[in-house]
1. Counting pairs on different chains as well as pairs 8 or more places apart, how many Lys pairs in the chain have Cα atoms under 21 Å apart?
2. Given a Förster distance of 45 Å, report the FRET efficiency between GLU162 and ASP222 from their Cβ-Cβ distance, rounded to the nearest 0.05.
3. What is the packing order of peptides 178-189, 129-140, taking the mean over residues of other C-beta atoms within 10 Å and listing the highest first?
4. Report the normalised scattering of the stretch 1-122 as log10 I(q)/I(0) at q = 0.16 Å⁻¹, calculated by the Debye formula with identical scatterers on the alpha carbons.
5. Which of the following values of Rg and Dmax of the Cα atoms in Å was calculated from the structure shown: [x] 18.8, 57; [y] 21.7, 72; [z] 19.8, 63?
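We did not get these values from a lab; they are worked out from the coordinates using the rules stated. This structure is a prediction, so every number in the text was calculated from the model and none was measured. Cβ coordinates were reconstructed from backbone atoms using ideal geometry, including for glycine residues, and neighbour counts include every protein chain displayed.
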Amino acid sequence: MIPVTTIGGYLGAGKTTLVNHLLRNAEGMRLAVLVNEFGALPIDEDLVEASGDEIISISGGCICCAFGDSLTAALTSLSQLSPAPDHFLIEASGVAIPGSIAATVELIPDLRKEAIVVLADSETIRSQAANTYVGDTILRQLADADLVLLNKADLVDQSTLEELSCWLAARARDAQVLPVTHGSVPLSVILGTAGRLKEATRSPHSDQQYESIVMRPDSVYDPSALAHQIAGGGFGVIRAKGHVRNRTGERYLIQTVGRRSETTPATEDGADGLVCIGLKGIWKPDALLTAVGAASNS
């Protein structure tokens, strides 16, 4: 099943910058970006190889598709391409409710809904949320989020950033709030890393703020309980994704984003293991490794 990530956030929050960053750092993945219209998402010119009526071809095997009012038709059509995209990114309009878009994805066979990522402008998010006309939309966007990227973090001071993070945490209750600048965040934080496991037990990302560990438990008594423990155990894990087997050998896909977790039976083959990502110096990878070891042996 092709995973689908929804990217939301109000006008000017930085969705275009984030998408261009992901396309520039696709790491060999074939990404398909779906937008309402091409004009709403100006792909950097040096990335574009060819442009047609409905699809823009982007370097590295990625594509951009305008879907207008026919998101379901576009997703169905693109999923039938050969080779198929590795991952879909849906860039919602600035006034769209991303949860509604993600709900549409769940109705389409062969697609799997993944995280809802919502961008918030550090300078304007609180005033926008208080606005009589658009505030309700912005608060609903935040409430849908699995991960909130507090963008343009370099434009406010540290005390303001801390206040904003607390304010957002109260409005996006199950989400992780992650301050970023220019939409710069590792691909693995947004899209996950299942099937792309590295042999290193601990490795830094290109952005030195982040660190990842790879865990390979032999078997797990309860994969769902393990996912819940990773997400809610206070280890500071931003993103986790991978496959584990239970005691009878059945394989499960585990995903966490912030404090939300999901466990589903796995159908595809690939390496077993969990990749967990956190902020360097803040999260607790050693405690996480100990907890997962205990969970796999219990």
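1. Summing the qualifying lysine pairs gives 9.
2. 0.80
3. My ranking of the peptides, most packed first, is 178-189, 129-140.
4. -0.70
5. It is the one labelled [x].
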